[in-house]
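Below is one structure; the comments refer to it alone.
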Amino acid sequence: VDRIASRLHEASHLYPLHALLFTVPGVPSLYYGSEWGLLGKKSHQSDAPLRPIFHPRQGAQQGSQPDLPAAIARFARLRHRHRALRHGGYRQLHVSKEQLVFMRELADERLVVAVNSADQPVAVTLPLELGASQLVDVLNEGERFEVKGGQALVTLPPHWARVLKLG
């Protein structure tokens, strides 16, 4: 199959895509070079463009997104720290053309994952169970959002995600 960076219309969509890869149910898988946004399309004659020869130190120069490896490392650490991202149930909370919000939950942990592929910040009202008083963003340095009346208004940064722990 074509490399994902070759299928996207905007390279900046690699960030929300990888946020999803590490937060939805299943085991994340990266093909070498994807962490830099390397391009490659399979043709009818050959799939060699999918397997470029390069030294790992050259990946950042060949790829379109030099900050992507650090973002992927953040997503991987987050997945490792939170069992709900590895084993929790999945429940959708909000679906629109450029945003997806869902909950991953176990008996002892509930996380709301909110992904925005739009070019601008977007405010989303999230329906939550009564009892939660705040959401703490464990992906973005502990930003907090208040829950009132079973709802929280959360602003999603462009081409990024939030992973919010219910508290």
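The values are calculated or read from the model by the stated rules, or taken from the named source; none is laboratory data. Computed from a predicted structure; not experimentally measured. Please note: Cβ atoms are built from the backbone with ideal geometry, for glycine as well, and neighbour counts cover all protein chains shown. SASA here: full protein model, heavy atoms, side chains in, ligands and nucleic acids out. Shrake-Rupley method; radii C 1.70, N 1.55, O 1.52, S 1.80 Å.
Values computed for the structure shown
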quantity: Given (1) open to solvent by 30 Å² or more (accessible area, probe 1.4 Å); (2) touching a residue at least 12 places away in the same chain (Cβ under 8 Å); (3) touching a strand residue (DSSP E or B) at 6+ places or on another chain (Cβ under 7 Å), number of the condition Leu106 does not satisfy; calculated: (3)
quantity: Restricting region 120-132 to residues that are among the aliphatic types (A, V, I, L, M) and outside any strand (DSSP E or B), the residue that is nearest to Leu14 (Cα to Cα); calculated: Leu128
quantity: Residues of region 141-165 classified as over 18 Å from the mean Cα position of the chain (by Cα), surrounded by 13 or more Cβ atoms within 10 Å (Cβ to Cβ) and of a type in the set (A, V, I, L, M), total; calculated: 2
quantity: Close pairs (8 angstrom Cβ cut-off, 6 or more residues apart or separate chains): farther than 14 Å from Glu109 by Cβ in region 66-91, of a type in the set (Ser, Thr, Tyr) and open to solvent by less than 40 Å² (accessible area, probe 1.4 Å) anywhere; calculated: Leu68/Tyr15; Ala71/Tyr15; Phe75/Thr23
